[in-house]
Structure formats: structure tokens, C-alpha cells
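What follows is a short report on a single structure.
The values are calculated or read from the model by the stated rules, or taken from the named source; none is laboratory data. Being a predicted model, the structure only gives us computed values, none of them experimental. Don't worry about glycine lacking a Cβ; one is built from the backbone with ideal geometry, like all the others, and counts go over all protein chains shown.
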Amino acid sequence: MKYIKWTIFVLSFFIVCHGFSQSPYQLNTKKELVFYGVGLTTFAGGAFLKSQTPVFTLNELENLNSNDIGAFDRQAFEVNSLKAHHASDYFWFGSFSLPLLFLAHEKTRRDYKTIATLWGETVFITAGLTMLTKYSVRRARPFVYDSNISIAEKSESNAKASFFSGHTSMTAANTFFAATVFSDYFPDSKIKPVVWGLAAAIPAVTGYLRVRGGRHYPTDVIAGYAVGALVGWAIPKLHKRKRLNSKGLSFYGGLNGGMIRYEF
């Protein structure tokens, strides 16, 4: 048994000395096809439902009653800020730049194809679930109840896409994905609390702006936040490499090599 331990130790030292990169994730072709398939299928289903969604008729718009909305969500009727609406777009677009920051560090840059694969799955699944839910529920957006909004804007299929918030879900997916990947590559980093704090705050601000902009109810952004955060966290975790046994033997690998490690 001692010979096995020392053989593993020497082999690990040899591999490490040759500078092979470490990756906390492991890809599997069949698994990745399933994840991408789920994303594409749900998105296609949502796109089909959108094409089948009838726009509001004048009669339907006239019969809308804000009292039918729950008390918690009625606060969305109090404002309809165009500035808040546009500001939320900046947070949404900006969140897509966060995973690109992994190109800045050599450790993650060498393994970026793996990171990009997981990020693609995160985006596809989040977008698919969001689209499918929006056009299955067909909830009227808050601005539809605003008499100052034009009939033309209220008569678009997008006016029935309130639940749940796509801006919030996608922003949360991007930020939580970035924070999870950062934590997996740099588990001992002192800035992890800052990273996670930003990951939680950015989609929260985005959701607040969507409510202020008259595009969503509070429950829309809460649901979007939960779905996006879950997907952004879960996709990396479902690809995390596992220890080979409970005695501390573990294997890490990436596109440029691998490492075997034994913890005494």
C-alpha cells in the first residue's frame, strides 16, 4: 500500500513539474449534447408559442383591471420610467462581458474552451426556459395598464411577456456563472466575497430597474432572478470533477494536460 501511495505521489510531482494545466471541470460529449439540446428545444418551443400568441384587442385592453393584480405587484403601476428601462438594458448587455474576463488570467485562459462550453449551455438553457415560460403564461406587462402608453405598443406580442423577467434571469445566469467559475478556479482567493456580492447585486439592480421601467412586476423579477441564478450556479457544478476515492486521490484535467493529486 505504501508503494502505491508513493508511486502516486511521485507521478503527481512529475506531472506538476511539467506544468500541465488544471481544470476543475470535465466535459462529456453526450452530456453536453443533452444540455444544449434542452436549451435549444425550450427556446424553439418558446419561439413557436410566441408566434402563436395573439396580440391584445382593443376590447381586451379596455377590460383590463389593475385590481386583478395582487397587492404586492401593484407597485409596478406607480412608475414607468423610460430611463430605468434603458438603464436595465446596460446591465443586461454588460453581464455578457463578465465571463470574458476569464481570458485575462493564464489559468482560466488555457481552459477557456471548457469555460465557453459551459457558458454556452448556461445561456441557452436560461434563454430557453425564459422564452418558453413567457409565452406559456402570457402575462400582461405593467405598462399595458398605463393610459399614457400608445395602443400600438400595447398591441405587440411582447406586451404579454411579463412573466418572468428575461433581463433579470439572463443577468443572474451570467453573474452567478462567473462567480461560480471564479470560485472553482480560485478557491482560496480573498476577493471571493466581493465577487459573490457583485454577482448577487447586479441582477437585483437589474430587476429593480425593470420594475421601475414598467416592464415587470416584482414577482416577475424574483422568479427570473431565481431561475437565472440556479442555472448559472448549477451548470458548472454539474460538470465539477469528482474525487476518485474518499482517501484524497483526485484527478484534474484540461485541454493542455492533467494532474493527479493525493492528499495525505
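For the range 44-80, enumerate the residues that are within 26 Å of the chain's Cα centre (by Cα) and closer than 20 Å to H167 by Cα.
A44, G45, G46, A47, L49, K50, D73, A76
Examine the range 203-210 for a residue that is farther than 19 Å from S81 by Cβ, assigned by TED's automatic domain parsing to the domain that holds S165, surrounded by 21 or more Cβ atoms within 10 Å (Cβ to Cβ) and under 13 Å from the mean Cα position of the chain (by Cα), and state whether such a residue exists.
no
Go through (1) in a loop (DSSP other than H, G, I, E, B); (2) aromatic (F, W, Y); (3) modelled with pLDDT of 95 or more one by one and return the number of the condition F264 breaks.
Of the numbered conditions (1) in a loop (DSSP other than H, G, I, E, B); (2) aromatic (F, W, Y); (3) modelled with pLDDT of 95 or more, the odd one out for F264 is (3).
For the range 211-225, which positions are among the hydroxyl-bearing types (S, T, Y) and surrounded by fewer than 24 Cβ atoms within 10 Å (Cβ to Cβ)?
Those that are among the hydroxyl-bearing types (S, T, Y) and surrounded by fewer than 24 Cβ atoms within 10 Å (Cβ to Cβ): T219, Y225.
Residues are listed down the side, and each one gets a yes or a no for (1) touching a Phe, Trp or Tyr at 6+ places or on another chain (Cβ under 6 Å); (2) under 21 Å from P236 (Cα atoms):
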position	(1), (2)
Y185	no, yes
I191	no, yes
P203	yes, yes
T206	yes, no
R212	no, no
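Anything in the range 80-104 that is loosely packed, with under 13 Cβ neighbours inside 10 Å and either hydroxyl-bearing (S, T, Y) or not in a helix (DSSP H, G or I) (or both)? List them, or say none.
Correct list: Y90, S97.
For the range 147-200, give me each residue that is among the polar types (S, T, N, Q) and either in a helix (DSSP H, G or I) or outside the structural domain of L132 (by TED's automatic domain parsing) (or both).
Once the filter is applied, which keeps residues that are among the polar types (S, T, N, Q) and either in a helix (DSSP H, G or I) or outside the structural domain of L132 (by TED's automatic domain parsing) (or both), the range 147-200 yields S157, N158, T168, S169, T171, N174, T175, T180, S183.
When both residues are 6+ apart or on different chains and their Cβ atoms are under 6 Å apart, which pairs have a first residue that lies in the range 106-117 and is farther than 16 Å from T180 by Cα, and a second that is surrounded by 14 or more Cβ atoms within 10 Å (Cβ to Cβ)?
From the range 106-117, the pairs are R110/S21.
Among the residues of the range 114-142, which ones are surrounded by fewer than 20 Cβ atoms within 10 Å (Cβ to Cβ), assigned to a helix (DSSP H, G or I) and over 18 Å from the mean Cα position of the chain (by Cα)?
Hits for the range 114-142 are S136, V137.
On the given criteria, is T133 in contact with a helix residue (DSSP H, G or I) (Cβ under 6 Å, 6 or more places away or on another chain) and not acidic (D, E)?
Answer is no for this residue.
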